[in-house]
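Here is the structure we will look at, set down as structure tokens.
The values are calculated or read from the model by the stated rules, or taken from the named source; none is laboratory data. On a predicted model such as this, the values are computed, not experimentally measured, just so you know. Note: ideal-geometry Cβ built from the backbone for every residue, glycine included; neighbour counts use all protein chains shown. Only protein heavy atoms, including side chains, enter the accessible area calculation; ligands, DNA and RNA are left aside. Shrake-Rupley method; radii C 1.70, N 1.55, O 1.52, S 1.80 Å.
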2 protein chains.
Amino acid sequence: MTSPSDIEIARAAGKKPIREIGARLAIPEAALLPYGHDKAKLDRDFISGLETRPDGKLILVTAITPTPAGEGKTTTTVGLGDGLNRIGKRAAICIREASLGPCFGMKGGAAGGGYAQVVPMEDMNLHFTGDFHAITSAHNLLAAMIDNHIYWGNALEIDQRRVVWRRVMDMNDRALRDVVTSLGGVTNGFPRQTGFDITVASEVMAILCLAQDLTDLQARLGEIIVAYRRDKTPIRARDLKADGAMTALLRDAALPNLVQTLENNPAFVHGGPFANIAHGCNSVIATRTALKLADYVVTEAGFGADLGAEKFMNIKCRKAGLSPDAVVLVATVRSLKMSGGVAKADLGEENAQAVEAGLANLIRHLENLRGFGVPVVVAVNRFTGDTEAELDILTRRVTEAGAEVFLCNHWAKGSAGIEALATRVADLADSGTADFALTYPDDTALLGKIEAVAQRIYRAEGIDADDRIRAQLVEWEAAGFGHLPVCMAKTQYSFSADPTARGAPTGHRIPIREVRLSAGAGFIVAICGDIMTMPGLPRHPAAENIGLNAALEIDGLF
Amino acid sequence: MTSPSDIEIARAAGKKPIREIGARLAIPEAALLPYGHDKAKLDRDFISGLETRPDGKLILVTAITPTPAGEGKTTTTVGLGDGLNRIGKRAAICIREASLGPCFGMKGGAAGGGYAQVVPMEDMNLHFTGDFHAITSAHNLLAAMIDNHIYWGNALEIDQRRVVWRRVMDMNDRALRDVVTSLGGVTNGFPRQTGFDITVASEVMAILCLAQDLTDLQARLGEIIVAYRRDKTPIRARDLKADGAMTALLRDAALPNLVQTLENNPAFVHGGPFANIAHGCNSVIATRTALKLADYVVTEAGFGADLGAEKFMNIKCRKAGLSPDAVVLVATVRSLKMSGGVAKADLGEENAQAVEAGLANLIRHLENLRGFGVPVVVAVNRFTGDTEAELDILTRRVTEAGAEVFLCNHWAKGSAGIEALATRVADLADSGTADFALTYPDDTALLGKIEAVAQRIYRAEGIDADDRIRAQLVEWEAAGFGHLPVCMAKTQYSFSADPTARGAPTGHRIPIREVRLSAGAGFIVAICGDIMTMPGLPRHPAAENIGLNAALEIDGLF
């Protein structure tokens, strides 16, 4: 007998009406804006009314350096949320929404896996409540208004060579990465070279996820720098009067979405910025709302802890005034073997030695996380192929490193497989031992912030940045952007900028190829290597196998 | 005291919960998929269960040759629906969804006007229930799969010069009309020239609006011709295995949306294809569902009767097996004056002579509509500036032409202003006098179908089509497409192809510049003049004035 697939498990779920899920958090039915019977947004007035309530405990789930398939951060977030509910705690989870692009490419769904999933899985992997479509529209309205402004006389004197605002589409479409627009003559405008990114890479997405409320959202949208004049002075979305209409387009998208886990526990799923050129966390509005409604909120951030946790701490928590109470570091035997040098094709074979070799990666992440002043435990997301020998050495060495480790079986057993971790995490979060510390203060110079992350998190000897980049950072400081945090765009497959340097590399330097100013989101992006902001489809896209079955259910999502 | 604006009236509406609106048509609450508290989609199983019920009466609202601002077809459709309910009939309306693009450009909202509106007006003019976003995604997934197929070896041998499937965006963005994609080197594919249309121009939109159900939808999507080989044989969406994923993306979009009028009567708002290169009617699924649930269904079709009514009859009714029971021809004093030769700037001045001169236009539309074998009445959509002298001559001449004419005041008074029309239309629809006749049978040659519309509807002396076009039509007949109806893409401002030839021009010929095969939608498009499928924004786009007010309501929509 083979185990059922994620979609089979999801379809068999005993979903409850969303008003019952809301009731778990004492949300009155009138405060839920339903989208079908199993999804809802929370009403704005209800959210505003929560402000004076105390916050619950905030728990971050992050991971060691991942394999391409990921280590199950979302699965563990869902499992831990269910586990906390199982032991009688009022807990909610906060995760990101899925992008349509990868869904038709080859990545699995973004709703967890096995018996630790969020449902309705099909909706979450397709249009959900339309948030990403709203972001696409807002982004592209701004783009259209730029070219339209130039077309009608260019009163703002936009330098057409210096338009930095591209367009977006929620699709993996390599043909759109680099395009020339406005061909075809006078009535179509002035030809120029530009391109499309995938919607999750839009600064509008990052803004939506960092905004405190609609007023803050509009202010940030207005700050977006879309182009420069010949004298290099910036032109903002506000100068084009685009910020109001963009905010109108995002009015509902800014409300957090409530769904449920397979075990009928509340799950907030809202926002989904890229984890390289943006900060990779679900929305501040959702996290803060969840903290007002639940005693424990479990959330996650993109990629391994060097990227996800670092940005969660230094960007999201810093900006939103959040302070995590505990951290769970997820590892898998597979990813440890990969960190220990095993090729992807051989990950299925037992190899305790490779696990041991790979532990250097885990231990470095552990040390980094401790540097944030928050208690950390290790959770092993068990796969059916893991052997006793592999799990033994893992447990032994992590324990020797002074950390607690929990073997978790939530993928196969749901909350019953993760009770011990849940109990310990609740204790840690309640212990008050967290003494949250950022990697750098606001007033460090921008270059110093980049160096701080490179040295303390990536353990690099230093950074390589040419004069042009250094001058640019100084210029931004002079222009009043010196207080911003930095958002590092680096490969997720290594602590270094070289994706093949596994484990815990030393002696490396981080090349800063480019820096970008996201003035609306409120960070400086430092690009360390090749960062792809518009993926392509594989030779055989998953889309080829997606379709309706005889029962008109959607097959081929996974 | 000035009259309140459409948005002010809409906001002051006493909206009822959508389940109460559904109850008006005996739709059980469980059969409604809510989108917020004031919008819902109808459940698929509920719709399937209606099949054996008898149909209500179908009433088409169409118009004389319009001014650029339109003649109030939607306003009159809403008003007539409310009027029928007012006189105790169980009536519903079926209208099209609005496109985002024009909403940010300069066109007014698409939800009626004054006291004859559909609400929630803001939602209807922005994302509504996400149908258009789903169409955009399905369309662009197919586009990405074409370029991806070529990228990975082009096993189907697509001739890159003959890719006919463009991309779409729901935005007025002239810069995207004509673009070169896949620049930037090997990893981005093979550069080629292509472009974007606005979403309402997508064949996917036309397909969604003509499909009978999901099975038919997928079959039609599979038939879409996306490209040709060097030997000119066609490549279809099905050859790329895109039809299943496209159907999955459209699964919910294919369900009709239920909202309400200001008077709390049921309104189905679903689909919105272009009225030039497509057929300009709301979805067949919505119309058929409404006919099962209501005794009277009032619907409309894009532009004047030469385009909208012609396509409603010859494409939608033909394909869906529908048969209209009565037609309302909407006229305004303003449009008659324009038809009578008055310049747009002078329409505000009294000019009974121009009204009289313009009546030739109305009378020709009237004759054309009688040719469909359906009883027709004339409704005058009154404007506050209309004078007694103008209305008198209008009434007198139309009566002399043997038609009934009703002066309607629904814009200012809601259903109370349109009772007489409603009473008469109900009688006519019940009279059984309709003897529906199409303009041409299925088995007429394609060129003959184009000639039939040109001569009998446009009153042209003939058509001009060069050998290339004639050969193309014969080729399509040989390939099995000879049974398809024709979809004429002609200016809406004249019976002729010359937008400046007002009134009832004679002696003109219709130039056929290009023909296109919409194999999925199931029609041949005949392009008679310049047809814009991607609008641009005006010098001062409406978007500049759209934004949230202090109460976080959306201002600037109109």
Between region A:1-67 and region A:386-420, the Cα center-to-center distance that results, in Å: 27 Å
Sequence-distant residues sharing a close amide H with B:ASP555 (under 5 Å, placed H): B:GLY547, B:LEU548, B:ASN549
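Calculate how many DSSP beta bridges within region A:131-249 are antiparallel, expressed in % of all such bridges and rounded to the nearest 5. Walk me through the intermediate numbers first.
Values: 7 of 10 bridges.
Rounded to the nearest five, the antiparallel share is 70 percent.
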Amide proton proximity set for B:ASP464, modelled H, under 5 Å, gap of 5+: B:ILE510, B:ILE512
Spatial extent of the protein assembly as shown: Rg and Dmax, with the Cα atoms as the point set, Å: 30.6, 102
Averaged over B:238-245, number of beta-carbon atoms from partner chains that fall within 10 Å: 5
Other-chain or far-sequence residues with amide H under 5 Å of B:CYS487's (modelled H): B:ILE524, B:VAL525, B:ALA526
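Quick one: putting +1 on the C-beta of Lys and Arg, -1 on the C-beta of Asp and Glu, what dipole do you get for the protein assembly as shown around its Cα centre, in Debye to the nearest 20?
Details: 116 positive and 132 negative charges, 145 e Å.
So the magnitude is around 700 debye.
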Buried accessible area, chains A and B (both chains, 1.4 Å probe, Å² to nearest 100): 5700 Å²
Chain B, accessible area per residue, ligands and nucleic acids excluded (1.4 Å, Å²): 34 Å²
Chain A: angle of helix A:388-400 to the longest principal axis, Cα-based, in degrees nearest 10: 70 degrees
Within chain A, percent of DSSP bridges classed antiparallel, to nearest 5: 40 percent
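Please give the charge dipole size of chain A, origin at the Cα centre, charges +1 on K and R Cβ atoms and -1 on D and E Cβ atoms. Round to the nearest 20 debye. Mind showing how you got there, number by number?
Values: 58 positive and 66 negative charges, 154 e Å.
Here chain A has a charge dipole of around 740 debye.
Beyond 40 Å, what share of the Cα-Cα pairs of chain A is found? Please give it as a whole percent. Mind dumping the intermediate values first?
Numbers: 32924 of 155403 pairs.
Above the 40 Å cut-off, chain A has 21 percent of its Cα pairs.
How high is the FRET efficiency from A:THR215 to A:THR399, r the C-beta distance, R0 41 Å, rounded to 0.05? It would help to have the intermediate numbers written out before the result.
Details: r = 49 Å, r/R0 = 1.21.
So the FRET efficiency works out to roughly 0.25.
Grab the beta carbon distance between B:GLU349 and A:GLU461, set R0 = 56 Å, and tell me the FRET efficiency rounded to 0.05. Can you show the working numbers first?
Working: r = 82 Å, r/R0 = 1.46.
My answer for the efficiency is 0.10.
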Delta accessible area of at least 30 Å² on complex formation, residues of region A:525-557, 1.4 Å probe, chain isolated as reference: A:LEU537, A:ARG539, A:ALA543, A:GLU544, A:ILE546, A:LEU548, A:LEU552, A:ILE554
At 7 Å out from Cα toward Cβ: A:PRO68 inter-copy label distances (nm, ascending): 5.5
Angle in degrees between helix B:73-86 and the longest Cα principal axis of chain B, rounded to the nearest 10: 50 degrees
Estimated FRET transfer efficiency when R0 is 41 angstrom, pair A:HIS483-A:ALA389 (beta carbons, to 0.05): 0.20
Euclidean distance of C-alpha centroids, region B:117-142 and region B:303-361, integer Å: 28 Å
Share of carbon and sulfur in the accessible heavy-atom surface of region B:446-528 [1.4 Å probe, %]: 47 percent
Whole-Hz couplings from phi, Karplus 6.51/-1.76/1.60, listed for region B:524-529; x for Gly and Pro: 9, 8, 10, 9, 10, x
Translational D in µm²/s for region A:446-528 (Stokes-Einstein at 25 °C, 0.890 mPa s, Kirkwood Rh from C-alpha pairs): 189 µm²/s
Position A:GLY402, label points 7 Å along Cα→Cβ, spacing to each other copy in nm (shortest first, one decimal): 10.1
Region A:371-501 pair-distance distribution - Cα-Cα, 10 Å bins, rounded %: 10, 25, 28, 21, 13, 3
Nearest-ten-degree value, helix B:467-476 long axis tilted from longest Cα axis of chain B: 80 degrees
Shortest-first distances to equivalent copies, position A:ALA437, nm, label 7 Å out along Cβ: 9.1
Debye intensity ratio in log₁₀ form over the Cα atoms of region B:131-249, taken at each q of 0.13, 0.22 Å⁻¹: -0.50, -1.32
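With an 8 Å Cα cut-off and a minimum separation of 6 or more residues, compute the relative contact order for region A:446-528 in percent. Don't skip to the end; give the middle numbers.
Numbers: 138 pairs, mean separation 27.2, N = 83.
After rounding, I find 33 percent.
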Positive-end residue, region B:446-528 charge dipole about Cα centroid, Cβ charges, pick of B:ALA460, B:LEU473, B:ALA504: B:ALA504
√(5λ) per eigenvalue of the Cα gyration tensor, region B:445-484, largest first, Å: 20, 12, 4
